[in-house]
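K.L.:
Before I ask anything, let me first share the structure, which is written out below as structure tokens.
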Amino acid sequence: MKRYVYINDDNLAKDIYCDNRISNRKYTILNFLPKNLWEQFSRFMNQYFLLIACLQLWSLITPVNPASTWGPLILIFAVSSSKEAWDDYNRYLLDKKANEKEIWIVRQGIRKLIQAQDICIGNIVWLRENDEVPCDLLLLGTADPQGFCYVETAALDGETDLKTRSIPSACMGIDVDLLHKIKGVIECPSPNKDIRRFDANMRLFPPFLDNDIFPLTIKNTLLQSCYLRNTEWACGVAVYTGNQTKLGMCRGIAEPKLTAVDAMIDKLTGAVFVFQIVVVIVLGIAGNVFKDKQGRKLWYVQYPKEGPWYELLVIPLRFELLCSIMIPISIKVSLDLAKSLYAKFIDWDVEMVDPETGIRSNAANQAISEDLGQVEYILTDKTGTLTENKMIFKRCCISGRFYGNESGDALTDAQLLNAASTGSADVILFLKVMAICNTVIPVRSKSGTISYKALSQDEEALVCASARLRMVLENKNGNILDINFNASPMQYEVLDTLEFTSDRKRMSVVVRECQSGELFILSKGADETILPLTYSGQQVRTFAEAVEQYAQMGLRTLCLAWRKLEEDEYQEWTSMFKEANSTLVDRERRVAEVCQRLERDFEILGVAAIEDRLQEGVPETIEILRKAGINFWMLTGDKMSTAIQIALSCNFVSPEPKGQILIIDGKTEDEVCRSLDRVLLTTRITESESKQDVAFVVDGWALEIALKHYRKPFTELAILSRTAICCRVTPSQKAQLVELLKLCDYRTLAIGDGGNDVRMIQQADIGVGISGREGLQAARAADYSIGKFRFLKRLILVHGRYSYNRTAFLSQYSFYKSFLICFIQIFFSFISGVSGTSLFNTVSLMAYNVFYTSVPVLFSVLDKDLSERTVMQHPQILFDCQSGRLLNPSTFAGWFGRSLFHAIVVFVITIHSYAFEKSVMEEVAMVAVSGCIWLQAFVVALETNSFTIFQHLAIWGNLVGFYAINWIVSSIPTSGMYTIMFRLCEQPSYWITMILIVATGMCPVLALKYLRYTYRPSRINLLQQSERLGGPILSSGIIEPKSRSSLDKDIPTDSVYEPLLSESPSATRRSAGPTQRLDSVQSQSPPHSTHTRKDN
Amino acid sequence: MSFSDGASKSSSKSSTKPTYSRFTQQELPACKPILTPALVMTTFIMIGITFIPIGLSHLSASENVVELVDQYDEVCIPADSPDPDVVYSKRIGYIQDESTDKTCIRTLIVPKKMKQPIFVYYQLDQFYQNHRRYVKSQNDEQYRDPSASAKTTNCEPEAQLSEGQPIVPCGLIAWSLFNDTYTLSRNDVALPINKKGIAWESDRTHKFGSNVYAKNFQNRSLIGGGKLIDNIPLNQQEDLLVWMRTAALPNFRKLYGRIETDLEVNEIIKVVIQNNYNTYSFNGKKKLVISTTTWIGGKNDFLGMVYIIVGGVCLLIALVFITVYLIKPRPLGDPSYLSWNKNPASVQ
């Protein structure tokens, strides 16, 4: 689909395309109530409660006042509706602000001020410095005579550095006044969300006729929500407006994530519902039978001889209402409250604040903390996630001489400094390439110091290093570069930039030295793409060896090369280049072909090695999490050798002989298939021995084939192998891998820092973003954002584990207390002629669910079964959470049995101790309720592992509160309970009954718990015991869980394990690669590009 | 992808350091009890040695209650047929015949000395006062407020006469008021039963109004139970008040009155029963109960027995635990039991 935009045509576009009104709202005032209610009622639980509430309105069948269901129901609905309304209102205010912003546009050739929402396609929009771009514009003119302007794209992709944008060459030199009258047509794609591409063409109409179609790229656009910086003014024609802009298309409300715990609770709720229906049917039949056999003889109830048609339904429906409390209405509210507190604990945690930046952890998604405790797979990005993403130039090899090998830092190597100052020709050329062959923008501050704005950390490292070696990139003025070497200025004109792509793995610039007029092509890139391009005769062996040596140290390598160009050759080439650049179809491939023509016969200058250090605590974190039974996959765009090095140094794979790395490679289907089969076979064998630690390595190309044609064996391998390293993968492949693991029913956590990780983060069950140097894009898309990778262990082991344990208790307890009171009602129905009488009154029933039983258990969110230190020392304990040991049908059955037992205890004791002359309905009911309250207080107390002051207050204060409330109700003369509670409390037998209920209810539970605790203890129990008794585990002297020294002994972070690699078939093919990255914007990669653009 | 402004707000906010407090860091001081053998055994032994005495004292209190129970429903209407159906229909015919004299005389022997106050109860078995149709059929407002006599909600089918006049007190409970009467005599001297103050104080003062009078009561063709006196306010007709405190169980006793003299051992008490109330339709039983009370109320062996049983079981459990502990001691928190310490190969 194509779109034709007619510049400055006021009449045409209005009706075809939408205006620039932005709307992020979900509701309008009119549809809010119906739509919101509809959404809420699409949940099964809510439908159920509504049905119950409606049935209760029928006074013939309702056992209690309808208020007991309507009250909580309306409260719950009101809370969630008002939250929705408030959010939507805030969205509306933001939209309104954006829509009503005043913007200068051109109408009928005159500049006018209008509201942003009235901008139409084809309008020319004028912006001043620091203005926000109101819609997607195609640049037509700027204040800069070269046609450049600078934009900040932070809101779009999170990158804070400035980017240059230029006007299309067709508009170059058009006078400012003429821009008002410019006419033309732009042919561009239909609205899409690819913020990296804009493959369009433009033709201007007379008097600007050029008879030519001009190619347009994303470089010629100003996208919505960017800011114009360092440019006095700019103007452009609106091509996409409103919600059809690139930003608008990208926007989308992420699917709400459901945790495994929630899914389990839903499943259990369904089972309870079925059970309830069975109970209702049984009791309903029993009730009707009793009525016919016995009930009609009870003259005092005056059953009519002929009932209405629905008579048979009345008793079952009454029981349905009586049993409706089996599904606790409070569970959702309790869980939501608990979940938001879990999230708050994450936000508040001072141990997860990045000490360098002060960035604290943030739980953007409040609902999925429990899932953190159930993670089985962690898929991690490498650069910026495991490493610091702080590139530092460390070593180099220039024409066969190694610099920096002794000191470990080339910048302090006296030989290199000497060579630079004396002006050794090779070294100067090398430095020139470092300083020129890039897209870095130097920014001079007021104090005169120069800082560099670069998209790629590698380029910045190179430019900074060259500056320290006296080759200073001082200024970039359009195409002109000012270089200062040893205080002598030089000027270069950049004629063409042959951009980096992940296929080419190199970038080049064509420059003209301004003084001599000589033409050069300077190039840098991965060894495998540069070394084959040398002129015949050059010895590349030393360079290949240097690359090898550096890669083994885990350094990133770049080869630098150059060639002199002849004027004719360049002129011929440049026209081809222009043509390739203006193709609409398959532009990238065509451009690459043309570039290839110029990038040949290079002279290799040397190899630069750049270090990207591991973040602090990464190996320890990975070791602990692997001990916790979590499988790690590393998904990186980087090359295989570097990825393997990093994997070794951060404990991904144990070193030989325990660890084994298997490589899947191949370029064709057959090769991949064979390789995959071989690896699968080895893995199967080693896994069955279970002594070995097997990791497989796969690159993007092989991965694509494997996923497409050999999905089954690959899935099997994925399940068998605990570790995988996937290199050269694209963002969409990362997401596919997440999907693959999710399909195998594994809980996945994806962690990354850059735009290329966004899709994987959104795809995974839990997305964690690192608020790193690559902007906030990943952190924004993620459910959790943390400052450093090492916080992950705390996030999972502490917060995730506690959240899971607490929710497991909270939810099962909610069912327990509902069952308890419901069973008593069912038992009572057997002694009330199966007629569906409620033993309890409305006040008791409502307060029981909403107050008495909800408050104490809510404080279980403060419960800690094990101390944080113990968990860190024994990360294996996480296994109990991963396998869902604390919340599953069998634990639920335990709680069910307990509630049945307690209901029997309460009911039997109550009706026997309050028999005969004491059997007044109100009194018996209150005795039973008191029994339940006492029992539940002791149940909570028995299940609480750590009592803080809040728990004591909640558990015992709740008992006091129960009596206080009932005394108050008992002192109201008009209430049905008048004087009841006072009468009871005066009777010794009431208190004797309470003690008996507690003792009878709790003794068996305590005895069973003790037996299991002592003779069949769970792992948690064992650790609790040793933790609190100071057992051998703690006394062994390991205080810090991450005993650094012991780890360092085992796995020196920077050493190389040669035998390990040489065993694998392609270990010799270890190479350094291109390390340039032009845009770290999320790659919406087209099908033919299998490699990520972001390359680290 | 979401580019919401909220995210940027939160990111700027997130750079401020969170305030430290023991609550936010989940580091509140906490006591973490664990189930050590000593703790558990002590608990069980303590429960055992406190429960058995409580149970014994409860039992002895229950023993001290002197209780005379006489089931009179069958005896008062003798039926000599072996066929239960015939008996059934005969008894119903008898009880529903208003013209017959239903007087029935019973003699009771006092087994032990009974100290006053002695309570006289009637006990009904298989009478579902807690039946849903029944228990709901009342209207407190009408009973309390003289101006609300027309309010008969929930009272169906005993709400109003066919002409629409409201029945006061309305509802099935009032309508089925128990109407057997007992006259006691000892050695041919009448033994007075005090029927004042048998209802709850709160019922007399608050639940039933002092100026609410019965109206149209038992005026329909279908007569249920007892009648009320039209010119005495409801709150002084205490039999009604007692009856309307519905029982939660199908077998229940309600206070009939008090005897305010002591009864000696082996004294013979003659009871003249007006056997009016129909329990024969539903095979219910009627009993006359004369009983003293102690601090636990009337006779109730259940609590005492269960206390002794629970106490005994707790002691037994403690004994078993101690034995097992001595035979097979098991140190708490031994890390060698941890599965990953047992078999390090299986867990990486």
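The values are calculated or read from the model by the stated rules, or taken from the named source; none is laboratory data. Everything numeric in this text was worked out from a predicted model, so none of it was measured. In this analysis, Cβ positions are derived from the backbone assuming ideal geometry, glycine residues included, and neighbour counts consider all displayed protein chains.
K.L.:
Of everything in the stretch A:353-392, what is under 30 Å from A:A465 (Cβ atoms), within 14 Å of another protein chain (Cβ to nearest Cβ) and not β-branched (V, I, T)? Give them in sequence order. It would help to see each step written out before you state the result.
P.N.:
So in the stretch A:353-392, the residues under 30 Å from A:A465 (Cβ atoms) come out as A:354-359, A:380-392.
Filter again for within 14 Å of another protein chain (Cβ to nearest Cβ), leaving A:354-359.
Scanning the stretch A:353-392 gives A:D354, A:P355, A:E356, A:G358.
K.L.:
So, in the stretch A:840-873, exactly how many residues are part of a loop (DSSP other than H, G, I, E, B) and closer than 21 Å to A:I824 by Cβ?
P.N.:
The total comes to 3.
K.L.:
Here is a follow-up. For A:S732, which of the numbered conditions (1) closer than 26 Å to A:E388 by Cα; (2) crowded, with 24+ Cβ neighbours inside 10 Å fails to hold?
P.N.:
Here A:S732 meets the rest and fails (2).
K.L.:
Pull up the stretch B:88-144, narrow it to residues that are within 19 Å of the chain's Cα centre (by Cα) and among the hydrophobic types (A, V, I, L, M, F, W, C), then point me to the one that is nearest to the other protein chains (Cβ to nearest Cβ).
P.N.:
Across the stretch B:88-144, the extreme among qualifying residues is B:V135.
K.L.:
Within the stretch B:181-217, which residues are buried (at least 18 other Cβ atoms within 10 Å of the Cβ), within 14 Å of chain A (Cβ to nearest Cβ) and in a loop (DSSP other than H, G, I, E, B)?
P.N.:
B:I198, B:A199, B:W200, B:F208, B:G209
K.L.:
Looking only at the stretch A:217-246, count every residue that is within 34 Å of the chain's Cα centre (by Cα), at pLDDT 80 or above and part of a strand (DSSP E or B) and tell me the total.
P.N.:
Looking only at that region, the number is 7.
K.L.:
Is one or more of the residues making up the stretch A:283-291 small (G, A, S), within 13 Å of chain B (Cβ to nearest Cβ) and part of a helix (DSSP H, G or I)?
P.N.:
Yes.
K.L.:
Just give me the residues in the stretch B:1-33 being within 7 Å of another protein chain (Cβ to nearest Cβ) and at pLDDT below 85, in sequence order.
P.N.:
Within the stretch B:1-33, B:M1, B:S2, B:F3, B:D5, B:A7, B:S10, B:S11, B:S14, B:S15, B:K17, B:P18, B:Y20 qualify.
K.L.:
Output yes when any residue across the stretch B:326-334 is at pLDDT 90 or above and at the interface with chain A (Cβ under 10 Å from one of its Cβ atoms), and no when none is.
P.N.:
No, the conditions are met nowhere in the stretch B:326-334.
K.L.:
Sort out which residues of the stretch A:924-947 are within 8 Å of chain B (Cβ to nearest Cβ) and surrounded by 22 or more Cβ atoms within 10 Å (Cβ to Cβ), and write them in order of number. Full working, then the answer.
P.N.:
If we filter the stretch A:924-947 for residues that are within 8 Å of chain B (Cβ to nearest Cβ), which is where we start, we get A:924-925, A:945-947.
Matches in the stretch A:924-947: A:V924, A:A925.
K.L.:
Also, quick follow-up: Considering only the stretch B:145-158, state which residues are closer than 24 Å to B:K254 by Cα and more than 8 Å from chain A (Cβ to nearest Cβ). It would help to see each step written out before you state the result.
P.N.:
So in the stretch B:145-158, the residues closer than 24 Å to B:K254 by Cα come out as B:155, B:158.
Scanning the stretch B:145-158 gives a single hit, B:C155.
K.L.:
Another one. Could you tell me whether any residue of the stretch B:286-302 is more than 16 Å from B:Y121 (Cβ to Cβ) and more than 18 Å from the chain's Cα centre (by Cα)?
P.N.:
Checked the stretch B:286-302: no residue is more than 16 Å from B:Y121 (Cβ to Cβ) and more than 18 Å from the chain's Cα centre (by Cα).
K.L.:
Something else: Considering only the stretch B:240-255, I want to know if a residue exists there that is part of a loop (DSSP other than H, G, I, E, B), out of contact with any Cys (no Cβ under 9 Å at 6 or more places or on another chain), closer than 23 Å to B:T183 by Cβ and within 11 Å of chain A (Cβ to nearest Cβ). Break it down stepwise before answering.
P.N.:
Let us first name the residues in the stretch B:240-255 that are part of a loop (DSSP other than H, G, I, E, B), namely B:245-246, B:248-251.
Retained after the next criterion (residues that are out of contact with any Cys (no Cβ under 9 Å at 6 or more places or on another chain)): B:245-246, B:248-251.
When the remaining residues are screened for being closer than 23 Å to B:T183 by Cβ, the result is none.
Looking for residues that are part of a loop (DSSP other than H, G, I, E, B), out of contact with any Cys (no Cβ under 9 Å at 6 or more places or on another chain), closer than 23 Å to B:T183 by Cβ and within 11 Å of chain A (Cβ to nearest Cβ), one finds none in the stretch B:240-255, hence no.
K.L.:
Given the conditions (1) within 30 Å of B:D262 (Cα to Cα); (2) outside any loop (DSSP other than H, G, I, E, B); (3) charged (D, E, K, R), report the number of the one that B:R91 does not fulfil.
P.N.:
(1) is the only condition that B:R91 fails.
K.L.:
Within 16 Å of B:V75 (Cα to Cα), within 10 Å of chain A (Cβ to nearest Cβ) and surrounded by fewer than 17 Cβ atoms within 10 Å (Cβ to Cβ): which single residue out of B:N278, B:N283 fits that description?
P.N.:
Of the residues listed, the single one that is within 16 Å of B:V75 (Cα to Cα), within 10 Å of chain A (Cβ to nearest Cβ) and surrounded by fewer than 17 Cβ atoms within 10 Å (Cβ to Cβ) is B:N283.
K.L.:
Is it true that some residue in the stretch A:892-903 is of a type in the set (A, V, I, L, M, F, W, C), part of a helix (DSSP H, G or I) and at the interface with chain B (Cβ under 10 Å from one of its Cβ atoms)?
P.N.:
From the stretch A:892-903, those of a type in the set (A, V, I, L, M, F, W, C) are A:892-893, A:895-896, A:900-901, A:903; that's our starting set.
Keeping just the survivors that are part of a helix (DSSP H, G or I) gives A:892-893, A:895-896, A:900-901, A:903.
Still in the running and at the interface with chain B (Cβ under 10 Å from one of its Cβ atoms): none.
No, the stretch A:892-903 contains no residue that is of a type in the set (A, V, I, L, M, F, W, C), part of a helix (DSSP H, G or I) and at the interface with chain B (Cβ under 10 Å from one of its Cβ atoms).
K.L.:
Here are the criteria: (1) closer than 30 Å to A:G284 by Cβ; (2) surrounded by 17 or more Cβ atoms within 10 Å (Cβ to Cβ); (3) among the aliphatic types (A, V, I, L, M). Tell me which single one A:L127 does not satisfy.
P.N.:
Of the numbered conditions (1) closer than 30 Å to A:G284 by Cβ; (2) surrounded by 17 or more Cβ atoms within 10 Å (Cβ to Cβ); (3) among the aliphatic types (A, V, I, L, M), the odd one out for A:L127 is (1).
K.L.:
Could you please find all residues in the stretch A:598-626 being charged (D, E, K, R) and within 14 Å of chain B (Cβ to nearest Cβ)?
P.N.:
Those that are charged (D, E, K, R) and within 14 Å of chain B (Cβ to nearest Cβ): A:E623, A:R626.
K.L.:
For the stretch A:393-415, give me each residue that is within 20 Å of A:E459 (Cα to Cα) and in contact with a helix residue (DSSP H, G or I) (Cβ under 7 Å, 6 or more places away or on another chain).
P.N.:
A:F393, A:K394, A:R395, A:C396, A:C397, A:I398, A:Y403, A:G404, A:A410, A:L411
K.L.:
Return the total of residues in the stretch B:87-129 being closer than 30 Å to B:T293 by Cβ and either of a type outside the set (V, I, T) or surrounded by 14 or more Cβ atoms within 10 Å (Cβ to Cβ) (or both).
P.N.:
Residues flagged as closer than 30 Å to B:T293 by Cβ and either of a type outside the set (V, I, T) or surrounded by 14 or more Cβ atoms within 10 Å (Cβ to Cβ) (or both) within the stretch B:87-129 amount to 23.
K.L.:
For the stretch A:968-1024, what are the residues that are of a type outside the set (A, V, I, L, M, F, W, C), surrounded by fewer than 18 Cβ atoms within 10 Å (Cβ to Cβ), more than 7 Å from chain B (Cβ to nearest Cβ) and within 30 Å of A:G894 (Cα to Cα)?
P.N.:
Passing the criteria: A:P1004, A:R1012, A:R1016, A:S1018.
K.L.:
OK, next. Can you go through A:L37, A:L33 and tell me which one is over 30 Å from A:I124 (Cα atoms), modelled with pLDDT of 80 or more, surrounded by 14 or more Cβ atoms within 10 Å (Cβ to Cβ) and more than 14 Å from chain B (Cβ to nearest Cβ)?
P.N.:
Unique residue meeting the criteria: A:L37.
K.L.:
Is it the case that the stretch B:61-83 has a residue that's in a loop (DSSP other than H, G, I, E, B), among the charged types (D, E, K, R) and at pLDDT 90 or above?
P.N.:
no
K.L.:
Still on this structure, please answer the following. Among the residues of the stretch B:254-276, is any under 30 Å from A:G1001 (Cβ atoms) and touching a residue at least 60 places away in the same chain (Cβ under 8 Å)?
P.N.:
Scanning the stretch B:254-276 turns up no residue that is under 30 Å from A:G1001 (Cβ atoms) and touching a residue at least 60 places away in the same chain (Cβ under 8 Å).
K.L.:
Show the residue pairs meeting these rules: Cβ distance below 6 Å; 6+ apart or different chains; first residue within the stretch A:996-1011 and within 10 Å of A:L942 (Cβ to Cβ); second residue in a helix (DSSP H, G or I).
P.N.:
A:M1002/A:F938
K.L.:
Follow-up question, since we're still on this one. Looking at (1) away from every other protein chain (no Cβ under 14 Å); (2) in a helix (DSSP H, G or I), which one does A:D347 not meet, given that it meets all the others?
P.N.:
Result: A:D347 passes all but (1).
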